[in-house]
Amino acid sequence: MPGVTARACANIALVKYWGKRDAALNLPAAGSLSLALAALVTETCVELDPALGADLIELEGKPAGATEAARVTTFLDLVRERAGITTRARVTSFNRFPTASGLASSASGFAALAVAATRAAGLELPPRELSILARRGSGSAARSIFGGFVRMHAGNDDEAAYAEPITSSLIDRVRMVIAIVGGGVPKTHGSRDAMDHTAATSPFYRAWVDLVPRDLAAAEHALATRDLVALGEVTEHNALAMHASAIAARPGVLYWRPATLALLAAVRTLRQNGRAAWATMDAGPHVKVLTTVDDADHIARALANVEGVTATTISGPGGPAYVVG
Ligand code: 2P0
């Protein structure tokens, strides 16, 4: 049987997802809002093969580790159950990310897997159904089914926790500059464990969950009114609030390195000098800067000079996940 190949873009949340209401269904505790990035693409091929006794999973050209393989097989089981089949699959996946970017992405990975695996199993799911399915693999993957700006609904059951695109003419103006912080950074906490640990132990977790709906409303208003400054302000504020809740866990979850703080300071200086620049950080030390087409080159050059930054990439908005060819 021929394989099906799909591509999906990674996304960066402007209003973050950090915490679950239900681990079994992977329901988020709150909504989120993201921008898909064209520069960060995962390509995944799924080939169903009746001769296989078990799924064969290869990531970046190497057999997947036990934990990753189990997570992919659990996801494929959902697809097989839905399609009424039991055939095992050969899965190969590559991140077409800038070299040594240090940006692993479960979002683009599970979105590409959802699209390729459903098609290989003979299912034709509409995008909303694909986003619900991708969520079961990874919460942020629900957003990577769509391009541009995307809102994820918290939902209170499986069918209500889906993503959908948000139309805004700001999409033509925005860019993201990714500043990679490298050089001997110890392995960070995986976001799945870290968000559970934050929810269980941080005195600021409840405040974080209560904050998100207000930040989502502000971000959606900014998109509707084409107000980049308002979008940027809520983006930086929301990232700092997410990290504050994580830092206050016991023990604290601290992703930042000295260069992360230097980048945050540099972004503030750029802003004081009249540039469009707002920072956001995820489950790692890297800093992503929301900016404009006009300012992106200047910002990338400025951030490349910050000590501890090993690479910078400029990305435009990405499109939806799709089957190749
Ligand atoms: C986000 N992150 O909204 C946030 C901000 C990381 C920091 O979504 O457990 O890998 O697989 O649902 O999707 C990372 O969380 O977590 C994430 P699971 P996921 O982009």
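The values are calculated or read from the model by the stated rules, or taken from the named source; none is laboratory data. Computed from a predicted structure; not experimentally measured. Glycine also receives a Cβ, built like all others from the backbone with ideal geometry; neighbour counts cover every protein chain displayed.
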From the list Ser93, Ser106, pick out the single residue that is modelled with pLDDT under 95 and not acidic (Asp, Glu).
-> Ser106
Checking Gly147 against (1) surrounded by fewer than 24 Cβ atoms within 10 Å (Cβ to Cβ); (2) out of contact with any Cys (no Cβ under 9 Å at 6 or more places or on another chain), the condition it does not meet | (2)
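Condition check ((1) within 26 Å of Glu159 (Cβ to Cβ); (2) in contact with a helix residue (DSSP H, G or I) (Cβ under 8 Å, 6 or more places away or on another chain)) across all residues:
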| residue | (1), (2) |
| --- | --- |
| Leu40 | no, yes |
| Thr44 | yes, yes |
| Leu76 | yes, yes |
| Arg90 | no, no |
| Pro98 | no, no |
Identify all residues within region 1-18 that are assigned to a strand (DSSP E or B) and either under 10 Å from the mean Cα position of the chain (by Cα) or within 10 Å of the ligand (Cβ to nearest atom) (or both); write none if there are none.
-> Cys9, Ala10, Asn11, Ile12, Ala13, Leu14, Val15
List, please: which pairs have Cβ atoms under 8 Å, are six or more places apart or on different chains, and start with a residue in region 68-81 that is modelled with pLDDT of 95 or more and end with one that is among the hydroxyl-bearing types (Ser, Thr, Tyr)?
-> Val79/Thr118; Arg80/Thr86; Arg80/Thr87
Just to be sure, is Glu159 without any contact (Cβ under 8 Å) to a residue 40 or more places away in the chain and more than 16 Å from the chain's Cα centre (by Cα)?
-> yes
Pull up region 19-28, narrow it to residues that are surrounded by fewer than 19 Cβ atoms within 10 Å (Cβ to Cβ) and aliphatic (A, V, I, L, M), then point me to the one that is nearest to the ligand (Cβ to nearest atom).
-> Ala23
How about region 156-202: which of its residues are hydroxyl-bearing (Ser, Thr, Tyr), under 26 Å from Ser315 (Cβ atoms) and modelled with pLDDT of 95 or more?
-> Tyr162, Thr167, Ser168, Ser169
Count of region 133-167 residues which are within 11 Å of the ligand (Cβ to nearest atom) and either farther than 15 Å from Gly31 by Cβ or assigned to a helix (DSSP H, G or I) (or both) | 11
